[in-house]
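What follows is a set of notes on a single structure, which appears directly below.
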Amino acid sequence: MVGLIGAIGAGKSTAARCFAGRGGQVIDADALGHEALRQPKIVAALVKRWGKRIVREDGSLDRREIGRIVFADRNERSALETTVFPYITRRAQTEISAAQANPDVGFVVLDAAVLLEAGWGDLVDALAYVDAPREMRLGRLAARSGWDETELTARESAQWSAEAKKARADTVLVNDGSREDLQAQVDRFVAQFCNVDGVRL
């Protein structure tokens, strides 16, 4: 099974689509995180901690406001992780088991930005890190989410360093060119680490 991590704004989602195009079943931990924030017990716990300021008019949690809280204070970030990581872990394990039992799935990819930070490294057998130049990443993030240098730095400081993650990775996929170039890098990784005839890592 493959773990997919990367620098913020490097294009991990694009890489995930490249893996999916080669028969991989991608499990999106970020989507499971959004799902976690809709669970009544988790919502109640977070509102108890941070109050109504994190609740939108429609009753859903304001993830951007939560982000402002947790990326400004390590203790608050730890509290969020303690609350949501167990749910995400259970759901990811369920999705992984279902994918591995499906004969139509060539291999499984866990797409999780905080895979190492969350302690999910043991769930995967090969790790790919998606990278791109910082200025390119900042440009993408500004266009996509309105982030500036300060926002990116705050998010990066909440994760393992790029050097530490690259040291753990089996491959670094550099996404600074065309989609075709990234696909070619993914294809080389798949050929080396994944048996697409049905035997998963």
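Matching residues to (1) under 16 Å from the mean Cα position of the chain (by Cα); (2) under 30 Å from GLY119 (Cβ atoms):
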{"residue": "ARG140", "(1), (2)": "no, yes"}
{"residue": "ARG144", "(1), (2)": "no, yes"}
{"residue": "GLU156", "(1), (2)": "yes, yes"}
{"residue": "LYS165", "(1), (2)": "yes, yes"}
{"residue": "ARG179", "(1), (2)": "no, no"}
{"residue": "LEU182", "(1), (2)": "no, yes"}
{"residue": "GLN185", "(1), (2)": "no, yes"}
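None of TYR87, TYR129 is crowded, with 18+ Cβ neighbours inside 10 Å, in contact (Cβ under 8 Å) with a residue 12 or more places away in the chain and among the hydroxyl-bearing types (Ser, Thr, Tyr) except TYR129. Residues that are within 23 Å of GLY11 (Cα to Cα) and among the charged types (D, E, K, R) do occur in region 116-124, at least one of them. Candidates are the residues of region 98-117 that are over 27 Å from LYS48 (Cα atoms) and without any contact (Cβ under 8 Å) to a residue 60 or more places away in the chain; the one that is surrounded by the most Cβ atoms within 10 Å (Cβ to Cβ) is ALA98.
List pairs: first residue in region 34-58 and open to solvent by 40 Å² or more (accessible area, probe 1.4 Å), second residue among the small types (Gly, Ala, Ser) anywhere in the structure, Cβ distance under 7 angstrom, at least six positions apart or on different chains. Listed pairs, sorted by first residue: ARG49/ALA79.
For region 22-33, taking the residues that are modelled with pLDDT of 95 or more and either of a type in the set (Ser, Thr, Tyr) or open to solvent by 30 Å² or more (accessible area, probe 1.4 Å) (or both), the one that is farthest from VAL172 (Cα to Cα) is identified as ALA31.
Of all residues in region 10-47, how many are of a type in the set (Gly, Ala, Ser), within 12 Å of the chain's Cα centre (by Cα) and closer than 20 Å to ILE69 by Cα? Working first, answer last.
Initially, region 10-47 is screened for residues of a type in the set (Gly, Ala, Ser), giving 10-11, 13, 15-16, 20-21, 23-24, 29, 31, 33, 36, 44-45.
Next cut, within 12 Å of the chain's Cα centre (by Cα) only: 10-11, 13, 15-16, 29, 31, 33.
Adding the requirement that they be closer than 20 Å to ILE69 by Cα leaves 33.
Summing the residues that are of a type in the set (Gly, Ala, Ser), within 12 Å of the chain's Cα centre (by Cα) and closer than 20 Å to ILE69 by Cα in region 10-47 gives 1.
Take the conditions (1) touching a residue at least 12 places away in the same chain (Cβ under 8 Å); (2) under 16 Å from the mean Cα position of the chain (by Cα); (3) within 30 Å of GLN39 (Cβ to Cβ); ASP122 misses just one of them, which is (1). Of note, ALA10 satisfies the criterion of being open to solvent by less than 60 Å² (accessible area, probe 1.4 Å) and either of a type outside the set (S, T, N, Q) or not in a helix (DSSP H, G or I) (or both). When we screen GLU135, GLU95 for residues that are of a type in the set (D, E, K, R), in contact (Cβ under 8 Å) with a residue 60 or more places away in the chain and open to solvent by 20 Å² or more (accessible area, probe 1.4 Å), the only hit is GLU95.
For region 62-79, the condition of being open to solvent by less than 60 Å² (accessible area, probe 1.4 Å), more than 28 Å from LEU138 (Cβ to Cβ) and either touching a residue at least 60 places away in the same chain (Cβ under 8 Å) or in a loop (DSSP other than H, G, I, E, B) (or both) holds for none of the residues.
The values are calculated or read from the model by the stated rules, or taken from the named source; none is laboratory data. Predicted model, so just to flag it, every value in this text is computed and none were measured. For neighbour counting, all protein chains shown are included, and Cβ atoms are generated from backbone atoms with ideal geometry for every residue, glycine included. Quick note on the areas: whole protein, heavy atoms, side chains included, nothing else; ligands and nucleic acids left out. Shrake-Rupley method; radii C 1.70, N 1.55, O 1.52, S 1.80 Å.
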